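Chemist: Just dropping this structure here.
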Amino acid sequence: MKARGILSSALAVMALVSVAGQAPAAELEASMLANTCNGCHGPNGTSYGPAAPTIGGTNAAYMFETMVAFREGERPSTIMQRIAKGYSDEELKLIADYFAKQPFGRVVDQNTDPDLVARGKQIYDNLCEDCHEDEGMSAIDYPALAGQMMPYLDHQLHDLISGRRDLEKNEALSSKERRKKMRNLKELVDTEGEDGVTAVIHFFGSKN
Amino acid sequence: MTRLSRRNFIRIGGAAVAGATLGLPHIARATGGNVVIVGGGVGGATTARYLKLANPDISVTVVEPKSSYHTCFMSNEVLGGERTLEGIEVGYDGLKSMGITMVQDRASGIDPDARTVTTAGGETLNFDRCVVAPGISFVTDGIEGYDEAAQEKIPHAWQAGPQTALLRSQLEAMEDGGLVVIIAPPNPFRCPPGPYERASMIAHYLKAEKPKSKVMILDPKEKFSKQGLFMQAWKDLYGHGTDNSMIEWNTFSKVGAINKLDAAAMTVETDFESFDPAVINYIPPQKAGKIALDADLADDSGWCPVDKMTFESSKHAGVHVIGDAAIATAMPKSGYSANSQGKVTAAAIVAALAGKEMPQPSYVNTCYSIAGTDYGFSVAAVYRYKADDNTIAGVEGAGGLTPVDASPEQRKREVAFAHSWYNNIRKDTWG
């Protein structure tokens, strides 16, 4: 399962290299494709919230995987599944690369509770830090969560906890990664409860 | 493995893009050029911003009589009491800060041969390329009793601003038990789901404040945008299908066409019936904004034919028409369409001024409707240019509507996404 995901990514990367190498129009096309996203995700993919995520500065491979997952109906959404179906692998790759080059804008001061932020920081250190490095600012291997809008984080965390967003179906993750993420989510809910979930959201939301 | 794969992806992807960039000196930096944009709404402002983003050396001037703009989108929330008029007002400082020149005046003429735009104040602006984004104008003749003056009592509120405030104040002033009549326009018109979202938002207000009141839509059309979703919403929220429905939808085929509006007596007469509403919201038939008609950019339909790849007028070279005024085949007359078309037009102009070929265009439309508390839904489409018949066609299998059986949580999220969309498209359009 996983091998297939990586292989198809690699093939698409190779396709992109050849296209970008020969055609100056390719980059223009990338901005042409990517600019259509800004109406919902904000200029350069920086969202002014509340529900649509900032996609500027996102790890390109993660964004590509996410868009494919939307397109294939493997990740739940309100509207993205319908839109993602309009793009080929190559186009999604161009879009993902384009946004990866944009800065991750943290532009909205969110209303966070200092006590929840402190508790969220403890939970983060225990359960989230291994993957979402540098207090969630890093976008090297996983999406940056620091500074995303809290309603967006709330939707995603609850979808993960409820299984509506099913990690088992995420071919891009190794089985070890899947197990670890599911274990940590379970621990978050079992030991910290709904208040703990809220605290994590406040922690990431406090970053700017 | 996955980590390695992602890191490799970034390295490979980065190298490829860097190579392309090196081979390509910034496409239009070598050339400047003058672009004059008529209209500071969504289409005009988006084009201005994306031109400047692509090439700061292009001189961009926007001619717009108003000192600030009220977005039509979300104006139904003002009617429903969920948002203030100030909450849909946006200024032009964002455009000015990019070096875009704002001429606060009305464009009075466009000469495509001399390549000039003249203003009511007597200015003459030279252009290499002109973008005309005037929005809509109204057909005000044809119904007895309705003219410009009648709009003081019968607002259309289809261009947000003072008319939105007037309609809201009429709703506030009406007594419980009153009737609100919305007369919807024939196709094509700005914001296809708009009249039905408006009915929903007015019902939302009346349900809370004046629950014996009712909204009636009189419609020349037999069907409308997102009909199934609206009908479901009206059933879920406003008793549609029962004797106590707060929203009633009647087509002209049932009640007859409107033949008289009396602003003094506040009556609506159709071929077969007479209504005595507390509030009348007549949304007239529409055509392209006046300047587009005056400048010979429209055809017999009242809308402007364009090359669908560049939005250059089919009638006058060097002049582009975008947004509601343009004939964009499958794309609806929506804010998102205008925003998307502005970006395509900016790319077309940047390419044209640099003597380069226009890249393949890509267009998107998304449109949210809010029908009541925590109750939203959407439609989306991805479009591509088809050269063989000069059309903009939806990509097959993509886009479409929120499922009619979406969960309450989904509907609630769609409202959050509608508000997200509002914040982001405003920022993307006006900076």
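The values are calculated or read from the model by the stated rules, or taken from the named source; none is laboratory data. The structure presented is a predicted model; accordingly, all values stated were derived computationally and were not measured. Here the Cβ is made from the backbone with ideal geometry for all residues, glycine too, and neighbour counts use every protein chain on show.
Chemist: Which of (1) of a type in the set (Lys, Arg); (2) part of a loop (DSSP other than H, G, I, E, B); (3) surrounded by 23 or more Cβ atoms within 10 Å (Cβ to Cβ) does A:Lys93 not meet, given it meets every other one?
Modeler: (2)
Chemist: Sticking with this structure for a sec: Examine segment B:257-264 for a residue that is farther than 20 Å from B:Gly142 by Cβ, acidic (Asp, Glu) and either modelled with pLDDT of 95 or more or surrounded by fewer than 18 Cβ atoms within 10 Å (Cβ to Cβ) (or both), and state whether such a residue exists.
Modeler: Step one: of segment B:257-264, the residues farther than 20 Å from B:Gly142 by Cβ are none.
No: zero hits.
Chemist: Answer yes if at least one residue in segment B:128-135 is surrounded by fewer than 21 Cβ atoms within 10 Å (Cβ to Cβ) and hydrophobic (A, V, I, L, M, F, W, C), and no otherwise. Give the steps one after another, and end with the answer.
Modeler: So in segment B:128-135, the residues surrounded by fewer than 21 Cβ atoms within 10 Å (Cβ to Cβ) come out as B:128.
When the remaining residues are screened for being hydrophobic (A, V, I, L, M, F, W, C), the result is none.
No, segment B:128-135 contains no residue that is surrounded by fewer than 21 Cβ atoms within 10 Å (Cβ to Cβ) and hydrophobic (A, V, I, L, M, F, W, C).
Chemist: Out of everything in segment B:378-398 that is over 25 Å from B:Arg413 (Cβ atoms) and assigned to a loop (DSSP other than H, G, I, E, B), what residue ends up being nearest to the other protein chains (Cβ to nearest Cβ)?
Modeler: B:Glu396
Residue-wise test of (1) in contact (Cβ under 8 Å) with a residue 40 or more places away in the chain; (2) facing chain B (nearest Cβ under 9 Å).
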| site | (1), (2) |
| --- | --- |
| A:Asn35 | no, yes |
| A:Gly57 | yes, no |
| A:Ala61 | yes, yes |
| A:Arg75 | yes, no |
| A:Arg82 | no, yes |
| A:Tyr87 | yes, yes |
| A:Gln110 | yes, no |
| A:Pro114 | no, no |
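Chemist: Which numbered condition trips up B:Arg413, out of (1) more than 7 Å from chain A (Cβ to nearest Cβ); (2) without any contact (Cβ under 8 Å) to a residue 40 or more places away in the chain; (3) more than 23 Å from A:Met32 (Cβ to Cβ)?
Modeler: If we test B:Arg413 against (1) more than 7 Å from chain A (Cβ to nearest Cβ); (2) without any contact (Cβ under 8 Å) to a residue 40 or more places away in the chain; (3) more than 23 Å from A:Met32 (Cβ to Cβ), just (1) comes out false.
Chemist: Taking the condition assigned to a helix (DSSP H, G or I) and touching a Leu at 6+ places or on another chain (Cβ under 7 Å), does B:Met216 pass?
Modeler: On the way: assigned to a helix (DSSP H, G or I): no; touching a Leu at 6+ places or on another chain (Cβ under 7 Å): yes.
No.
Chemist: Check every one of the helices (runs of 4 or more DSSP H) wholly within segment B:245-356 and list those with 2 or more residues that are charged (D, E, K, R).
Modeler: In segment B:245-356, B:290-294 are the helices (runs of 4 or more DSSP H) which contain 2 or more residues that are charged (D, E, K, R).
Chemist: Let me ask something else about it. Please indicate, with yes or no, whether at least one residue in segment B:270-280 is under 30 Å from B:Gly142 (Cβ atoms), crowded, with 17+ Cβ neighbours inside 10 Å and within 24 Å of the chain's Cα centre (by Cα).
Modeler: The answer is yes; a qualifying residue exists.
Chemist: Follow-up. Against the definition (out of contact with any His (no Cβ under 7 Å at 6 or more places or on another chain), under 19 Å from A:Lys207 (Cβ atoms), in contact (Cβ under 8 Å) with a residue 40 or more places away in the chain and more than 8 Å from chain B (Cβ to nearest Cβ)), how does A:Asp154 come out, yes or no? If you could, list the steps in order and put the result at the bottom.
Modeler: Details: out of contact with any His (no Cβ under 7 Å at 6 or more places or on another chain): yes; under 19 Å from A:Lys207 (Cβ atoms): yes; in contact (Cβ under 8 Å) with a residue 40 or more places away in the chain: yes; more than 8 Å from chain B (Cβ to nearest Cβ): yes.
Criteria met by A:Asp154.
Chemist: Further question: So, in segment A:73-90, exactly how many residues are in contact with a helix residue (DSSP H, G or I) (Cβ under 8 Å, 6 or more places away or on another chain) and assigned to a loop (DSSP other than H, G, I, E, B)?
Modeler: 9
Chemist: Would you please name the residue that is modelled with the lowest pLDDT, looking only at residues in segment A:147-177 that are buried (at least 19 other Cβ atoms within 10 Å of the Cβ) and in contact with an Asp or Glu (Cβ under 6 Å, 6 or more places away or on another chain)?
Modeler: Here the residue is A:Ala172.
Chemist: Which of the residues spanning segment B:159-179 are among the small types (Gly, Ala, Ser) and assigned to a loop (DSSP other than H, G, I, E, B)? Before you say what the answer is, go through the steps one by one.
Modeler: Initial filter on segment B:159-179 (among the small types (Gly, Ala, Ser)): B:160-161, B:165, B:169, B:173, B:177-178.
Of everything in segment B:159-179, those that are among the small types (Gly, Ala, Ser) and assigned to a loop (DSSP other than H, G, I, E, B) turn out to be B:Ala160, B:Gly161, B:Gly177, B:Gly178.
Chemist: Ok, one more. What about A:Leu153, is it in a helix (DSSP H, G or I) and within 15 Å of the chain's Cα centre (by Cα)? It would help to see each step written out before you state the result.
Modeler: Details: in a helix (DSSP H, G or I): yes; within 15 Å of the chain's Cα centre (by Cα): yes.
Criteria met by A:Leu153.
Chemist: Could you tell me whether B:Gly318 is more than 16 Å from B:Gly43 (Cβ to Cβ) and touching a Cys at 6+ places or on another chain (Cβ under 8 Å)?
Modeler: yes
Chemist: Of everything in segment A:96-109 that's part of a loop (DSSP other than H, G, I, E, B) and not basic (Lys, Arg), which residue is surrounded by the fewest Cβ atoms within 10 Å (Cβ to Cβ)? Outline the logic, then answer.
Modeler: Restricting attention to segment A:96-109, the residues satisfying the condition of being part of a loop (DSSP other than H, G, I, E, B) are A:101-109.
Going one step further and asking which of them are not basic (Lys, Arg), we end up with A:102-105, A:107-109.
Details: A:Gln102: 18, A:Pro103: 11, A:Phe104: 21, A:Gly105: 18, A:Val107: 14, A:Val108: 19, A:Asp109: 9.
It comes out as A:Asp109.
Chemist: Determine if segment B:96-106 includes at least one residue that is among the hydroxyl-bearing types (Ser, Thr, Tyr) and touching a helix residue (DSSP H, G or I) at 6+ places or on another chain (Cβ under 6 Å). Let's see the steps before the verdict.
Modeler: The first filter runs over segment B:96-106 and keeps only residues among the hydroxyl-bearing types (Ser, Thr, Tyr), leaving B:97, B:101.
Filter once more, so that each one left must be touching a helix residue (DSSP H, G or I) at 6+ places or on another chain (Cβ under 6 Å): none.
Checking segment B:96-106: not a single residue is among the hydroxyl-bearing types (Ser, Thr, Tyr) and touching a helix residue (DSSP H, G or I) at 6+ places or on another chain (Cβ under 6 Å).
Chemist: When segment B:219-244 is examined, which residues are found to be in a loop (DSSP other than H, G, I, E, B) and within 22 Å of B:Ala278 (Cα to Cα)?
Modeler: Step one: list which residues in segment B:219-244 are in a loop (DSSP other than H, G, I, E, B), which gives B:220-226, B:239-244.
B:Pro220, B:Gly239, B:His240, B:Asp243, B:Asn244, listed by residue number.
Chemist: Does B:Gly99 fit the bill of being outside any loop (DSSP other than H, G, I, E, B) and surrounded by fewer than 16 Cβ atoms within 10 Å (Cβ to Cβ)? Write out each step before concluding.
Modeler: Numbers: outside any loop (DSSP other than H, G, I, E, B): no; surrounded by fewer than 16 Cβ atoms within 10 Å (Cβ to Cβ): yes.
In short, no.
Chemist: Sticking with this one: State whether the residues of segment A:58-74 include one that is among the hydrophobic types (A, V, I, L, M, F, W, C), closer than 26 Å to B:Gly94 by Cβ and modelled with pLDDT of 95 or more. Quick ask: steps written out before the conclusion?
Modeler: Looking only at segment A:58-74, we keep the residues that are among the hydrophobic types (A, V, I, L, M, F, W, C), and these are A:60-61, A:63-64, A:67-70.
Add one more test, that the residue is closer than 26 Å to B:Gly94 by Cβ, and what stays is none.
No, segment A:58-74 contains no residue that is among the hydrophobic types (A, V, I, L, M, F, W, C), closer than 26 Å to B:Gly94 by Cβ and modelled with pLDDT of 95 or more.
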